[in-house]
1. Between S60 and S36, what FRET efficiency comes out of the Förster formula 1/(1 + (r/R0)^6) with R0 = 22 Å and r the beta carbon distance, rounded to 0.05?
2. Which log10 I(q)/I(0) values does the chain give at q = 0.08, 0.11 Å⁻¹ under the Debye formula, counting every alpha carbon as one identical point scatterer?
3. Only Cα pairs within less than 10 Å get springs; with that Gaussian network setup on the chain, which residue of F38, F109, F73 has the largest fluctuation?
4. Roughly how many percent of the accessible protein surface of the chain is carbon and sulfur, given a 1.4 Å probe and a whole-percent answer?
5. Using a Gaussian network model of the chain with C-alpha springs under 10 Å, which one of V88, V76, V40 is most mobile by mean-square fluctuation?
6. Note down the relative contact order for the chain as a percent, whole number, built from C-alpha pairs under 8 angstrom at least six residues apart.
7. In whole percent, what relative contact order does segment 94-146 give with Cα contacts below 8 Å and a gap of six or more residues?
8. Using helices alone, I'd like the mean residue ellipticity at 222 nm for the chain: each DSSP H run of four-plus residues gives -39500 (n - 2.57), total over residue count, nearest 500.
Amino acid sequence: MTDEPKPASSSSPTPGHTSLEAKALAAQDRAYAPYSKFAVGAAIRMDGEEFTGINVENASYGLGVCAERTAVFNAVNAGRTTLEEVAVATNASPPSSPCGACRQVLLEFAPDPARVTITALNAKGERRSWTLAELIPDGFSGRELP
Ligand code: THU
């Protein structure tokens, strides 16, 4: 967990951000969050390819979907099944971590949750990061299913 700016990766389109972070911040502008006003953008890498997602709310509040899940469904729809890294952009300070439902959905596609890094960030440059294993220890993996 750190608030220090990270060096930009070589593939970064914006200074000071990795490619995934930049995509999460850009996606945040497309969030559909007229009810909560809490815009979330997510970017994930699955099987080497990057996908984005946003939260999509509904007038029937319970039908809203989080940005992280939208990103995962986007990637799976494109045929990718192995989660490698996640970035989530919000306006929260400190940056907010993925909800429990999203942690479970991320876990579904993480063969080794200790190797999946999740970085939460905001436009002020604050960051927090965890592994998926830290966020959902002893999660239900489905291995128990018949
Ligand atoms: N939200 C996300 O998109 N990701 C999270 O991890 C937490 C919450 C969305 C759901 C809802 O549209 C809004 O943020 C407020 O909860």
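1. Details: r = 14 Å, r/R0 = 0.63.
So, using R0 = 22 Å, E works out to roughly 0.95.
2. Cα-only, vacuum Debye calculation for the chain: -0.20, -0.38.
3. F38
4. Details: 4130 of 7720 Å².
C and S atoms contribute 54 percent here.
5. V76
6. Details: 324 pairs, mean separation 30.6, N = 146.
Computed value for the chain: 21 percent relative contact order.
7. Values: 56 pairs, mean separation 20.7, N = 53.
Over segment 94-146, the number comes to 39 percent.
8. Details: 4 runs with 34 residues, N = 146.
My calculation for the chain gives -6500 deg cm²/dmol from helical runs alone.
The values are calculated or read from the model by the stated rules, or taken from the named source; none is laboratory data. These figures come from a predicted structure and were not determined experimentally. All Cβ positions, even for glycine, are placed from backbone atoms using ideal geometry, and neighbour counts span all protein chains on display. All accessible areas refer to the heavy atoms of the entire protein, side chains included, with ligands and DNA or RNA removed. Shrake-Rupley method; radii C 1.70, N 1.55, O 1.52, S 1.80 Å.
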